[in-house]
Structures are given as C-alpha cells and as structure tokens.
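Report on one structure; see the data block that follows.
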Amino acid sequence: MKAPLSWLKEYTDINKSPDEIADMLTHLGLEVEEVTGSYVFREGIVVGKVIENGRHPNADRLSVNKVDVGTEILDVVCGAPNCRLGLTVALIKSGFKLPDGMEIKKSKIRGEISNGMLCSMRELGISEEADGIIELSETLKPGTPITAELLAADPVFTVAILPNRPDGLSVTGLAREIAAKSGSKFTMPAIKIQESGVDVKSKVKVTIKNPEGCPRYTARLISGVKLAPSPEWMVNRLKACGVRPINNVVDITNYVMLELGQPLHAFDYSKIAGSEIIVRRAVKGEKMFTLDNAERELLESDLLICDKDKPVALAGVMGGASSEVSDTTVDILLESAYFEPVSIRKTSRRLGLISESSYRFERGVDPTGVVIALNRAASLMAELAGGTVAVGLIDENPGNIQEKKLTVRIDKICKILGVDISEKEIKGSLESIGIRCDAGSVFEAVIPARRPDITIEEDIIEEVARLIGYDRVPVNAKATVSLALAPNLREQFRENARDILSGIGLTEIVTNSLVHIDQLTVLGMKESAPVLINALSPDMSVLRTSMIPSILNVIQWNKSRKNDNIAVFEIGKVFDSKGANVQPDEKEVIAAAFSGLSSPKRWDGKDEYWNFATVSGLVETVVDRMAKQKVKFSAEKWGVLDSVNVLVGKSVVGRVASISNSLLKKFDIKDSVIYFELYAEVLRKLKPAVVKYTPVSKFPSSDRDLALVTDSAVSAVDMADAIKQESPLVEEVTLFDVYEGDKLGAGKKSTAFSIRLRKADATLTESEVEAVVSKVLDRLKKKFGAEIR
C-alpha cells in the first residue's frame, strides 16, 4: 500500500518527519518498506536563475550557462534538454554533497569550466525522474536555500499490509493508525452530496440471488456526466500510489478505493439491459468477456453481476466489456458492495486476475463502509464530472451484517502483558482505533466491521500492546530457552540418506509435488492421483503419485541446456487418493535418476554410460549403507514401465525401472534414463543386520568352480545364497557365467560360480574341500534340481 504524506495529513494533523512516521507505523505492525519522494535540507543547494544560456562549443548536447545564485554568478555546464534562459533552478555549488553523498567539484567539461550542477529530482533523491532539471517558481529569489516546501516534495510511504489487516489498505486506515499512536486528531473525508431529479429506485432494480456471496450491495445513479481528464491533484496522487490515470469517472472510483479501502465499479447505465442488476452464481458453461477483452469460461462457483440478459461483471474481480464506461457514456450506475472474501479469492486465482479490487475484496472490506464510499464517489462525480446525483440510493442488505461484541477484562489485560495499565489508558487506546467500550473493569467492546482480525479477547489484548507500545511490556529475566532438541529420527534418516547419495556423486534436487495430470496418464498412474479442487494452473492440478514426472522434467530442463550427464536424487512425497473429501495417503520416497555418462569421458572412446545393471548395483550399495541389509531383485511390471522390485527378505523396499522410449519422447528426452526409488518408511523400520567382526585369516584359501544346469527360472541369487549357507568355510561366492543354448535343451541354463573356501585357524585339506563341495552339490540338487554340467 502506497500513501503520500500530504494525503495522510488531510485526515490527521500529525506534525512528524517522514522517518518518524515510518517508525511509528512499523512499531504498530504496519511495516514501512521504503519512503520515497522526501527531501532533507542540505547546505549548498540553492535557488538559481539562468541569466545566460548558450551552446557548448565542443558538445552538441551540452549547454554553457551563467547562473545567478544571489551572492555570485556561477559558470555551469548542463546536459538537460530543458535548460534555457530565464529558468529558475535548483543548483548545488561545488564543494558540497548531494543527498547520495557524491561531492560536486569544480571541473572542466569538454574544455568549459563548471562550478556546480543544476539538479533533477533524481539528484536530490526525491524520485527516479531524470528527464530534465527541476523547474522552480519564477518568484523565488536566487540564493534561497532549497527546502522540501520549495520543491513541493511529497514523501510516499510504501507499507507492507499483512493479510489479516485489510483496514490498512487505505489512506484513511493508515491515518487512523498514525493518529491513534501519536495522539493527534483523526477525521474522515467530508462528504457533501446534493441529490436532485428522479428517485434512483424508479430507474434501477437490484436483486441479490446469492446473499452468501454478496451480503450487501449498494448503488447510485449519476446522470449527465462528461468524461474528461482528471484534475492535476488527483492525477498526481494516483500516480504516487502506482495507479494509472484514465479519465475522471474511472479515476474517481480508484481514488476512493485508495482513500477508503472500498473498491467501486462504474457501469455505463445505458448498457444495463432492463435497468436491472442481478447478483448470482454463474451457470455451467456460461462465458463472458471481461474488460481486458478476454473471453472467460465460468464455473458455478463464480459470483457474477448481471443485467436482465447477461453478465456485466465478475463480482469483485473485473468488470465486463459489455458495460464498460466509454467516451459516449452519459449516465453512470455506481456500485459499492461487500463480497464474501473466499469466493473472490478462488475466482481471482483461478483466472489469474489479480487487481487492486480483488486484492482488497479477498481480504475483507468494511461492510459498514460501502455507503460512505458510494456517497464519496458520487459527490466527486458531481463535482469533477458535472453529473447529477439521483435522489436516494439502493441498499440491499440481506446479510444484515452486525458488528462483533467481545467481553474484555482489565485484570486479564494487565496479567497477560505483565504491566499495570489504567482502565482509562486501555479504553482510550482502543477507542482511538474505533473500538467502542462501555463502563467497568469488565466491559463490552464493540468491534468495527473493518477489523475482521479481532475475534477473541486475546486479540483485544494484542491491540492494547500494539497501541501502548511493545517496549512497555517487561522482559522476564528468568525466562530460559532450551536449545536441546529431542532427536528427530525421521530427519536423521533423511540426512543419512542425503550423505550417502551425495557421497557417491549424486546431486540433490527439489521439485514441486504438484504436476499436470497428463504426465501421470502416460505413466498409467493417474487413477489414484488426488485432484486439487482449485488448482492454480493445469500444470499443477494433481498431487503426484510418482516422482518420475518431476524428475524427468528436471532431466529435460538440463539436457535442453547441454547438461547431458545427470545423476540426481530427491527425497520427497508421493500421494494416493482415498476418495473425495478424504485426506490422501502420503509416502516418503527416495528417488534417483541417471542419464548419460556414468564416469568422465575417456580418451580412448570407451565411454561408460549408466545402465540398468550399474544402477541396480548402486541400489545394493545404498540399501547396504542405510540399513545394513542385502537385497534381491524380482521382475514386475510397473504401470507402463519394465521394472524390478527391490527386496529385503520379503519386504519390497523399492523399485528400479528403465524409462521407456515412448515416455521419454513425451518429455522430449532423447537419451536413456534409469530410475530407482526406495521407500523411506519401509527402510527406516528395517532392523539393521548385525555386523560382526571376523579376523582376517592368515591361512590360504582354496577355490573351486562349479557349472550347474538348472531350469531357466531358477534365480542365481538364490543359488548363491544356498551355497553360502551350506558351510562356514564358504567365504565368497561369485557368479562368473550364465549360458543358455540348444546343447542344454529347452528351458535350461548353465550357471557358473567360483567358490572360495578358507579356514580361520588352519590350512584346508583336500578332503575338507571335497566334503564341502559335495554338500553344496547335494543341497543345490535337492533345492533347485541342479546337475553338474
């Protein structure tokens, strides 16, 4: 919210500097982000009069001037296009400093002496305007020190208003706060309205069909207006607040919105079919053109302002093109209403139409102030646009909005704040912001409707603290803060996972859990996706059921920028819908994806790329480091992807998948991508295998190779486990060959293992080795039907 000081002073007689006012507002919880347009007096900056002006002999765009500063005539070189003979200017003499600290020195500019500088608004720190030097009144005497009054400098405060303080979104709202804090008087704008002619109710009918969405709607009719540019004072104030002037009628609605915080809308009365306003919800499939000439498809939740035939405005968001005020407009139907905030916010966000009006409506305007704003705007239209205000006004108030009442206890205020405050001071501070208080130490406080944030007694106590000053609330010297944190096992698990994955060379990424539903459709995973009721955009319309779309988007983004070699991971959430109006299930997933080279490019051209086997080996390493467990793999279809389950015992702890070419094409990725995900909760609950220390044997090993013929379906991993379990002398089992061919017969394969045996306390004898090998063969034959090849 921007507010010029001159405008604030119309409603409070405060006599403080801009910096003091900024501090005051900030201490009230209305943080002033910056103050622009102010000027602080500085020595050496004076009024000057250009008494000679000529072209610079060595530069086309410079002029050489003689400037009278009262006590002397100075030679000054100037580059401003508006520098001319007879101009009254602001000049800084050499040897003095500008507000930004830069010292002006006597110098030669292209061979000509310059003994000072003629100043623009930018040089004096008033604004960013630097198109030309400042032009002062001809009546000013040369040599007069430059002051803020001479420059007509009007500081503008930029105030950050919290979402729960809609009352701060107006100049009068800020002025009320300043007056309450400083003890100065606060006054509302004077409204003088003269009605004449017909009764408005004979010309306009208003029907509210949806009182929940529009608890109050008021209107006036102003006839015979003449559209023209607004007066300079109004244009300057609108510009200072960041609003573009359009014409006197539209500018008045914007001016009153900034002044009182109540958005207004002006309709061309001649374009309102049937002279009737109907407030209703949109019907399914209904469309309308808004003021930006865009056709909007409406939902049944959208609130509309309609005439007898069609929508003429999106309530609280934007007017319709069909009823827009134009150069031919003569009669104005002026609207001032209160709309339910949530409804306006949903429509505004869905359509991406964020306006000054919707910004205020969605936070909650003052429902008791709509008539004040209506009358203020009508009186200005009569004054500045030559209009005639019809007799009476329309005020449809089906919501019958009441002010809240709270019971407040003086002793509770003092107890919670820890300071004794008199009843007089408490009630005085509350009444300064419009909260009416009755008598007694336990009293009833009537809360103005412009303060929707005050709902309980504790809110009143906070207001008292804010108004008397938080610096009066004592600090309890006995208060202690413990920095010891209870261990968060989940966060420790995540940090361990991050350390392991980043330690083996992966880069962590963070993506949005909201994705486009089409990205889940191509995966065959859209059925269980929770759908957002009021999505910000189609690209963020559903909660992801898999991390794959999010990670593929990252890979595509990087590859499009020539970052081809990718190894990334993310620890995030996936979701599973449990039906309408039911909270979806959430599951934490450790996901990773790989594409391109797995190691630096080789000089001999034998580059190594990420493949399924390499990534599967990486998964083994990760699970081993995280849970001290060995994994197995089991093939299983996953949506449209070929994948393997990662098993620890009988528990599925994750998946490894090769992303199909058809899916990669959807994401515009040309290189292969291998993906894995591990389920954090399953891994976290696994009981880590006991790691025992075994001394390294000093005796030699004995190796035996076995080639075994089995059915093709037999798992080599299961066979290796069976060999290890047969004897404690088996130190290591390595698979070194798998063969399938006609010589073995259909449905058969040969699996070859190298078995290393070793004894801890002696050298193995031949008979001991043969005995172990014989037992291994018997076990494999009984369990898998294995035969020596």
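The values are calculated or read from the model by the stated rules, or taken from the named source; none is laboratory data. On a predicted model such as this, the values are computed, not experimentally measured, just so you know. Counting neighbours? That spans all protein chains shown, and the Cβs are built from the backbone with ideal geometry, glycine included. With ligands, DNA and RNA removed, areas are computed over all heavy atoms of the protein, side chains included. Shrake-Rupley method; radii C 1.70, N 1.55, O 1.52, S 1.80 Å.
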Cβ pairs under 6 Å, 6+ apart, first in region 494-513 and under 14 Å from A567 (Cα atoms) and in a strand (DSSP E or B), second open to solvent by less than 60 Å² (accessible area, probe 1.4 Å) and of a type in the set (V, I, T) = T507/V568
Taking the residues in region 665-687 that are aliphatic (A, V, I, L, M) and in contact (Cβ under 8 Å) with a residue 40 or more places away in the chain as candidates, determine which candidate is most open to solvent (accessible area, probe 1.4 Å).
-> L686
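Please work out if K205 is within 23 Å of S379 (Cα to Cα), among the basic types (K, R) and surrounded by fewer than 20 Cβ atoms within 10 Å (Cβ to Cβ). Steps first, please.
Numbers: within 23 Å of S379 (Cα to Cα): yes; among the basic types (K, R): yes; surrounded by fewer than 20 Cβ atoms within 10 Å (Cβ to Cβ): yes.
So K205 fits the description; yes.
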Can you tell me which residues in region 688-711 are among the polar types (S, T, N, Q) and surrounded by 12 or more Cβ atoms within 10 Å (Cβ to Cβ)?
-> S697, S701, S702, T710
Of all residues in region 1-39, which are under 31 Å from the mean Cα position of the chain (by Cα) and among the aliphatic types (A, V, I, L, M)?
-> M1, A3, L5, L8, I21, A22, M24, L25, L28, L30, V32, V35
Of all residues making up region 718-742, the number that are of a type outside the set (D, E, K, R), surrounded by 15 or more Cβ atoms within 10 Å (Cβ to Cβ), touching a Lys or Arg at 6+ places or on another chain (Cβ under 9 Å) and outside any loop (DSSP other than H, G, I, E, B) | 5
For region 312-419, please list each of the helices (runs of 4 or more DSSP H) lying entirely inside it that holds at least 2 residues being modelled with pLDDT of 95 or more and within 23 Å of S275 (Cβ to Cβ).
-> 370-384
Across region 514-554, the tally of residues that are open to solvent by less than 40 Å² (accessible area, probe 1.4 Å), part of a helix (DSSP H, G or I) and within 24 Å of N581 (Cβ to Cβ) stands at 1
List every residue pair whose Cβ atoms lie under 9 Å apart, where the two residues are 6 or more positions apart in sequence or sit on different chains, the first residue falls within region 555-575 and is free of Cβ contacts under 8 Å to residues at least 24 places away in the same chain and more than 25 Å from F493 (Cβ to Cβ), and the second residue, located anywhere, is among the polar types (S, T, N, Q) and surrounded by fewer than 19 Cβ atoms within 10 Å (Cβ to Cβ).
-> W557/N563
Please tell me if E383 is open to solvent by 20 Å² or more (accessible area, probe 1.4 Å) and free of Cβ contacts under 8 Å to residues at least 12 places away in the same chain.
-> yes
Considering residues that are modelled with pLDDT of 90 or more and part of a loop (DSSP other than H, G, I, E, B), the number found within region 25-49 is 5
Quick count over region 7-66, residues being farther than 30 Å from I104 by Cβ and basic (K, R), is 2
Pairs returned, first residue in region 150-164 that is open to solvent by less than 20 Å² (accessible area, probe 1.4 Å), second residue that is β-branched (V, I, T), beta-carbon separation under 6 angstrom, 6 or more apart or interchain, are P155/V35; V156/T36; F157/V32; F157/V35; V159/V32
Counting only residues that are under 14 Å from A592 (Cβ atoms) and of a type in the set (G, A, S), how many does region 655-675 have?
-> 2
Whichever residue in region 284-308 is without any contact (Cβ under 8 Å) to a residue 24 or more places away in the chain and open to solvent by less than 80 Å² (accessible area, probe 1.4 Å) and, among such residues, is nearest to P211 (Cα to Cα) = L298
So L74, is it touching a strand residue (DSSP E or B) at 6+ places or on another chain (Cβ under 7 Å), in contact (Cβ under 8 Å) with a residue 12 or more places away in the chain and assigned to a helix (DSSP H, G or I) = no
Failed condition for A746, given (1) small (G, A, S); (2) open to solvent by less than 60 Å² (accessible area, probe 1.4 Å); (3) not in a strand (DSSP E or B) | (2)
Filter pass, V769 being β-branched (V, I, T), more than 24 Å from A635 (Cβ to Cβ) and either at pLDDT below 90 or touching a Ser or Thr at 6+ places or on another chain (Cβ under 8 Å) (or both) | yes
Which listed residue, of V312, V342, is of a type outside the set (G, A, S) and surrounded by fewer than 23 Cβ atoms within 10 Å (Cβ to Cβ) | V342
Of the residues V47, V69, V89, V32, which is over 30 Å from A3 (Cα atoms), in contact (Cβ under 8 Å) with a residue 24 or more places away in the chain, buried (at least 19 other Cβ atoms within 10 Å of the Cβ) and of a type outside the set (S, T, N, Q)?
-> V69
Among (1) buried (at least 17 other Cβ atoms within 10 Å of the Cβ); (2) more than 20 Å from L8 (Cα to Cα); (3) of a type in the set (D, E), D167 falls short only on (2)
Scan region 226-247 and give yes if some residue there is crowded, with 21+ Cβ neighbours inside 10 Å and within 25 Å of I401 (Cβ to Cβ), otherwise no.
-> no
Does region 631-649 contain at least one residue that is of a type in the set (A, V, I, L, M), over 24 Å from P549 (Cα atoms) and open to solvent by 50 Å² or more (accessible area, probe 1.4 Å)?
-> no
Of the residues A567, A593, which is modelled with pLDDT of 90 or more and open to solvent by less than 10 Å² (accessible area, probe 1.4 Å)?
-> A593
Output for region 404-445, where each listed residue is within 30 Å of N210 (Cα to Cα) and loosely packed, with under 14 Cβ neighbours inside 10 Å | K405
Pair list, Cβ < 6 Å and 6+ apart or interchain, from region 226-254 residues that are closer than 20 Å to D331 by Cβ to residues that are hydroxyl-bearing (S, T, Y) and surrounded by 20 or more Cβ atoms within 10 Å (Cβ to Cβ) = N248/S230; D251/S230
From S202, S182, grab the single residue that is over 42 Å from the mean Cα position of the chain (by Cα) and farther than 28 Å from S343 by Cβ.
-> S202
Before we move on, is F753 assigned to a strand (DSSP E or B), open to solvent by 60 Å² or more (accessible area, probe 1.4 Å), without any contact (Cβ under 8 Å) to a residue 60 or more places away in the chain and of a type outside the set (G, A, S)?
-> no
Among the residues of region 234-245, is any under 21 Å from M1 (Cα atoms), polar (S, T, N, Q) and modelled with pLDDT under 95?
-> yes
With respect to S616, determine if the residue is surrounded by 15 or more Cβ atoms within 10 Å (Cβ to Cβ) and out of contact with any helix residue (DSSP H, G or I) (no Cβ under 8 Å at 6 or more places or on another chain).
-> yes
